[in-house]
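Input: a single structure, listed below in structure tokens.
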Amino acid sequence: MYKTVAETSKDISMPEEQVLRYIYEGRIKAVHDGEQFLVNSAQFDTYHEQLERIKEEIEIWRNTPIPEDPDVKDED
């Protein structure tokens with residue numbers, strides 16, 4: 001499915017200017033129809049999958065308790 005630059009920027013949470021810059025640099029593939037650039041949204045599927053995986057890993061890391069240090073001595 002092809003989306004406009006504005007729709008793509010909302011979809012990937014990035015400013016429109018940055019999306020356009022990435023299109024000009026070739027980092028985002030797009031088609032120019034004479035008036036505007038159209039971006040195939042399927043190229044961001046792996047981006048979204050990786051983003052979700054990273055969010056899950058960060059949540060697991062946050063919920064993992066810090067183990068007690070075995071070298072700590074109780075000196076009262």
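Tabulated results
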| quantity | calculated |
| --- | --- |
| Portion, in percent, of the accessible area of the chain that falls on carbon or sulfur, probe 1.4 Å | 51 percent |
| Counting all C-alpha pairs of region 2-63, share separated by more than 16 Å (%) | 49 percent |
| Stretchable slack from E35 to E49, in nm (0.36 nm times residue separation minus alpha-carbon distance) | 1.9 nm |
| Per-residue ³J(HN,Hα) for region 25-38, Karplus 6.51 cos²θ - 1.76 cosθ + 1.60, θ = phi - 60°, Hz, x for Gly and Pro | 6, x, 7, 10, 7, 8, 10, 9, 9, x, 10, 8, 8, 10 |
| Helical mean residue ellipticity (222 nm; -39500 (n - 2.57) per DSSP H run of 4+; nearest 500) of the chain | -14500 deg cm²/dmol |
| Per DSSP, loop GluC sites (Glu not before Pro) in the chain with at most 10 further Cβ within 10 Å | E35, E68, E75 |
| Residue-normalised accessible area of the chain, expressed per residue, 1.4 Å probe, Å² | 87 Å² |
| Label-point separation in nm, L20 to I58, each point 7 Å along Cα→Cβ | 2.9 nm |
| For region 45-51, 3J(HN,Hα) per residue [Karplus equation, 6.51 cos²θ - 1.76 cosθ + 1.60, θ = phi - 60°, Hz, x = Gly/Pro] | 4, 5, 4, 5, 5, 5, 4 |
| Rounded to the nearest 20 debye, dipole of region 2-63 from Cβ charges on Lys, Arg, Asp, Glu | 120 debye |
| Relative contact order for the chain, counting Cα pairs under 8 Å that sit 6 or more residues apart, in percent | 28 percent |
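The values are calculated or read from the model by the stated rules, or taken from the named source; none is laboratory data. Since we're looking at a predicted model, the values are computed, not measured. Positions of Cβ are backbone-derived with ideal geometry, glycine not excepted, and every protein chain shown enters the neighbour counts. Side chains are part of the model used for accessible areas, which takes the heavy atoms of the whole protein and leaves out ligands, DNA and RNA. Shrake-Rupley method; radii C 1.70, N 1.55, O 1.52, S 1.80 Å.
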